[in-house]
Structure formats: structure tokens, C-alpha cells
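What follows is a single structure, written as C-alpha cells, with notes after it.
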Protein chains: 2
Amino acid sequence: MIIIGEKINGAIPSTAKAIAAKDAEFIKNLAIKQAEAGADFIDVCASVDDDIELETMKWLIDIVQDAVDTPIAVDSPNVYTCIESIKYCNKPGLFNSVSLEGDKVDVAFKAIADTKWECVALLNSDKGIPKTAKDRLDVFADLMVKVKEYNIDPSRMHIDPLIEMLCTSEDGIQMVTEVIRGIKAQYPTIHVTGAVSNISFNLPARRIANQAFAVLAMSAGMDSFILDPLNKDMMGMLFATEAMMGEDEYCMEYIGAFREGIFVK
Amino acid sequence: MIIIGEKINGAIPSTAKAIAAKDAEFIKNLAIKQAEAGADFIDVCASVDDDIELETMKWLIDIVQDAVDTPIAVDSPNVYTCIESIKYCNKPGLFNSVSLEGDKVDVAFKAIADTKWECVALLNSDKGIPKTAKDRLDVFADLMVKVKEYNIDPSRMHIDPLIEMLCTSEDGIQMVTEVIRGIKAQYPTIHVTGAVSNISFNLPARRIANQAFAVLAMSAGMDSFILDPLNKDMMGMLFATEAMMGEDEYCMEYIGAFREGIFVK
């Protein structure tokens, strides 16, 4: 499984405050803690006004890569910000994200095609967020035409099927798990990712709902998780689920992660 | 979902101590707390020497039914103890358990056929615990011949596919989930039950493994759980999973259970 540490994100109030105050120590600490907790990528999202987004990204990226060796996920809804931001990174990481809106895919894939950067792709298009599993898988099919066109190996792609809040759903997570299964059935080496905590918007006891969702999404084939790696219960739940799925013989990784303090009793 | 509260069991050291000391208040308190937490049955298992098992069962049953209205699960590996114990109960509950060993099924089904008692059936036979999903489903088929013979409605049965410890498994829980799916596919109204915490024997952070297993087992079709209903995280995980499965429209039950204090933030 792949953990994308989500904590350096200006949409989180405490991080926004640190960004505004140029509190480098706070950012550095978040990078180190997430790396120690086993994050495979450290997500960096400025969430500031357009005119200072790029300089803020550079400032954040410099702090993170001075502090840890973990690759960076450059995170912006603006594909051009991502393209500029990867130039500041001293090693390939994760381009987060593209979508089928406008020319985003072409612009981004052109920039990363001949690199080792991996890439998150959201399954929305100019028509918005598809409402059915079939429509999302159609958008996925369109995306994979582009992936092939730019000669990007599917294993470099992290497909985000778009996790929406559970509380407005009549059918639970069936649609999203159907999309996850459909994607993995077609491309076994591709990654399926998502922002786990989206599921619990407007629910009480969000951590519980997030954990239950992560277990079920992983069992459907999700193998890349945008989440807080400092949440020890959540990390334990992911290791436990891998073991339940028969991907951790004799639970050695689960036991090892417990011994390393990744999760707690 | 059906919750079978497991705490009044002489195999648990604190309960054993209370049974030995004839501490009625301790037992009463366990009954009340489990009922308040939403248990559908209060399991009563003496776990004492044979010569005092029946009198101990009677003592426990009297305390529980004086304290709460929740039906009792009479729990003994000795089918005759169960048959005698149900005579002390003032309303139908759960016969826990029979198996395909010897004449247990015939003896038990004869006793409960014309009652409203529900019944747990373990999928082991005189040949021991079957090692493959196919073999367990074969035992299940044999069992269902008897269920039909005694004219017991399948909805009164709680099939226990036998949850074994994960840490000695190479294939995770695939075998047990295959058995669960196979049972529910054939008899949609039947219940599938199990002692959730068996999965985590010899593992660290057992509560984490138990929760991950419960989520996956429920998604496979398990709908009856022998567990500690005072474990608020576990109870929350079950309510969250029902919502994820689309069985709790707009999450109203999840939110309601949270408000009632069944689980915590």
C-alpha cells in the first residue's frame, strides 16, 4: 500500500496558519513525523491565493526536502502550478492532480511523460463528476487513451475515483467500490487512490467512518491512500486489512509495523 | 445486525472470578451494561467443572433475566447443558451451540424444533474442523438437511463458519469469507455469526485486527457477532459498515447510535 501524507495542506487550519506565518519549523515537523510514520509521499498543497501559490509551493517544497528524503506530491488544482512545482523537486514524486477537464491531461502528461513522476488522475471531466459507476469508468477509459498516447506506464498512475460523502448516499459506497474493482480488473498494476476522509463529511465520529471505509476500499482494490499517517488507528487498520487479504504472510508486516510504533494497542 | 454480548463467560478471568465468588452484582452489571449497549442476546457461559455447570448456568441465567429483558444465549459445548439451561429461561433466546459432531444436531433440534429458540451451529463434524471452504460448505449442506428435517426456519439459524487465528494463515481470511458468501447466497435469511476476536489470537493490537476483520466479515455477509458490545470503537465500526453497505439510508442509524452513546468520537 502507498500512503500519501496529507498534513501539509493549507486547507487544514493549523497548516494554513503556519504557512501564513512562514513557520518553517511547523512544516518541517509535519514532514518528519509523516515520513517516520511511513508516508510514501509527502503531499504539499499551498491553498493560498493564485498570485503567491507558486512561491509558497517552492517555500514548502524546500523545507520538506531539506528535512526528509520522502518524495513529494505536488498538489494543486492548477495543473500549471504542479508543472512549475516539480521543477523545484530534487527527485521524482507524485503529480497531484490531473483530470479530464479541458486540456489538463495533455498539458500535464506532456510535462511528465519522459520523467519518472507518478500522477494522480481524478475521474471528472468537463461534464462534472459522473454520477454512475459506468460513467466514471467511461471517463477512466478516455483517460487511459491519453495514458497510452503519452506512453506512460499504468503503474505510474494513481486513479482517484472521487470519494464523496456517505451521508447523502442511499446506496452507501457501492458505486465507488464498483469503480475501484472495474479499474483494477482492467489494469492490475495501476494504483487506485483517494482522500479517505471525504467519506465522513457531516458525520459524527469521523475517524470511525474513515477507518471502516478504508478497510472496505482496500478490499475492493484501493492501494493508495491520501490520509493522515499520524493517525495510528487508521494505519493499524490498513496493515490489518492487508493481512486479512492474504497479502502479509503470517502477519509479519502487521507485527513489524506495530513494533515500530506505526500503530498502537 | 445482531449483537451477542460475550462478557458473561467463565473463560474471561474477571468473570470467572465473579462466578467463583458468587458475585451476583458483577454479573448483573455486565448484563445491564451489555443490554444498554445494544446487545440483542446476552451470552451466558459458565466454563466451570461439569458437575457444577448446570447449577452455575441456572444461577447466571436467574441473575441476567432479573436484571434485563434481553434474551439469553445459553452457551456450552455440552448440548445437554444447553437443553437443560433453556428450561430456566423465561423467554426464547439463542441455543449456543450445536455442531455436526455425533448426535448433537439431532438432540438439540429435537429440543428446540417446536420452540422459538434460535440456534448457533458450528461447521465442524466428527472429522474435525474442515480445512477448505468447499469442505465447510459441505458440512453446511449436511446441516441444512437436518434443519429441513426438523422443520426449523433458516432464519432461526446462526451459522458459525469457525473463525480461526489470522497469524497462522497464508491466505488471510479468504477461506472464511468464501464460506460466508456461500452460505448467504444459498439462504439469504439465515444468519452468519462468529466469535470476532478469534481472528487476533497471538497478534499485537488485537482490537485493531478485530475491527478490520468485523468490517470485512460484515461486507461478506456476516450479520451476527459474538463480541464485547462495550467496545465502542467496534460498535461504531459495525454501524459505519452497515452505512457503507447501503443498509442505513442517509446514515440515520449510525448517527442515532452515536447520539445514544453506543460509540464515541
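The values are calculated or read from the model by the stated rules, or taken from the named source; none is laboratory data. All values derive from a computational prediction rather than experimental measurement. Every residue, glycine as well, gets a Cβ built from its backbone with ideal geometry; the counts of neighbours run over all protein chains shown. SASA here: full protein model, heavy atoms, side chains in, ligands and nucleic acids out. Shrake-Rupley method; radii C 1.70, N 1.55, O 1.52, S 1.80 Å.
Quick one: which residues, 5+ away or cross-chain, put their amide H under 5 Å from the amide H of B:VAL192? H built at 1.01 Å from N.
Here B:ILE159, B:ASP223, B:SER224 satisfy the definition.
Using bins 10 angstrom wide from zero, how does P(r) for region A:2-227 break down, in % of all Cα pairs?
In order of increasing distance, the bins hold 8, 33, 37, 20, 2 percent.
For region A:11-71, what's the radius of gyration and Dmax over Cα atoms, in angstrom?
Rg then Dmax for region A:11-71, in Å: 11.0, 33.
If contacts are Cα pairs under 8 angstrom and at least 6 residues apart, what is the relative contact order of chain A in percent?
This gives 16 percent for chain A.
What does the average come to when, for each residue of peptide B:211-223, you count the partner chain Cβ atoms lying within 10 Å of its Cβ?
Across B:211-223, the average partner-chain Cβ count within 10 Å equals 5.
Report the residues of region A:84-113 in range of a label on A:VAL145: point 7 Å along Cα→C-beta, backbone N strictly under 19 Å from it.
Output list for this probe position: A:98-110.
Please figure out what share of the DSSP beta bridges in the protein assembly as shown is antiparallel and state it in percent, rounded to the nearest 5.
5
Sorted from shortest, what are the nm distances separating the label point of A:GLU164 from equivalent points in the other copies, each placed 7 Å from Cα along Cα to C-beta?
Between copies, matching label points for A:GLU164 lie 4.3 nm apart.
Between B:ASN151, B:ASN96, B:ASN124, find the one with the highest GNM mean-square fluctuation for chain B; connect C-alpha pairs within less than 10 Å.
Checking each option, the largest mean-square fluctuation is seen for B:ASN151.
Rounded to the nearest whole Å², what accessible area per residue is found for the protein assembly as shown with the 1.4 Å probe?
Ligands and nucleic acids excluded, the figure is 42 Å² per residue.
Can you tell me which of A:ALA73, A:ALA121, A:ALA133 moves the most in a GNM of chain A? Springs connect C-alpha atoms under 10 Å apart.
In the Gaussian network model the winner is A:ALA133.
Taking the Cα-to-Cβ direction at A:ASN90 and at B:VAL264 and moving 7 Å from each Cα, how far apart do the two end points lie in nm?
Once both label points are built, they end up 4.5 nm from each other.
Averaged over peptide A:235-243, how many Cβ atoms belonging to another chain are found within 10 Å of each residue's Cβ?
Across A:235-243, the average partner-chain Cβ count within 10 Å equals 6.
How far is it, in nm, from the label point at A:VAL107 to the one at B:PHE201 when both lie 7 Å from their Cα along the line to the Cβ?
5.9
When chain B is turned about an axis onto chain A, which of its residues keeps its C-beta closest to that axis, and how many Å is it?
B:VAL215, 2
Magnitude of the Cβ-charge dipole of the protein assembly as shown, K/R +1 and D/E -1, about the Cα centre, nearest 20 debye?
Charge dipole, the protein assembly as shown, about its Cα centre: 200 debye, nearest 20.
Using a 10 Å cut-off around each Cβ of peptide B:244-250, what is the average number of partner chain Cβ atoms that fall inside?
6
Please name whichever of B:ALA113, B:VAL139, B:SER155 sits farthest to the positive end of the charge dipole of region B:2-227, dipole taken about the Cα centre and charges placed at Cβ: Lys and Arg +1, Asp and Glu -1.
With unit charges placed on the Cβ atoms, the residue in question is B:SER155.
What residues qualify as long-range amide H neighbours of B:SER47, i.e. H under 5 Å apart, gap of 5 or more or another chain, H built at 1.01 Å from N?
When sequence neighbours closer than 5 places are left aside, the close amide H contacts are B:GLY10.
Using a Förster distance of 60 angstrom, determine the FRET efficiency expected from the C-beta separation of B:ASP135 and A:VAL48, and round it to 0.05.
Here the calculated transfer efficiency is 0.45.
Could you tell me what percent of the DSSP beta bridges with both partners in region A:2-227 are antiparallel, to the nearest 5?
That works out to approximately 5 percent antiparallel.
Would you mind telling me which residue in A:THR193, A:THR56, A:THR132 has the biggest mean-square fluctuation in a Gaussian network model of chain A, where springs connect alpha carbons within a distance under 10 angstrom?
Highest fluctuation among the options: A:THR132.
Can you list, largest first and rounded to whole Å, the semi-axes you get for the protein assembly as shown by taking the square root of 5 times each eigenvalue of its Cα gyration tensor?
Those come to 50, 24, 19 Å.
With a 1.4 Å probe, what is the total accessible area buried between chains B and A, in Å² rounded to the nearest 100?
3200
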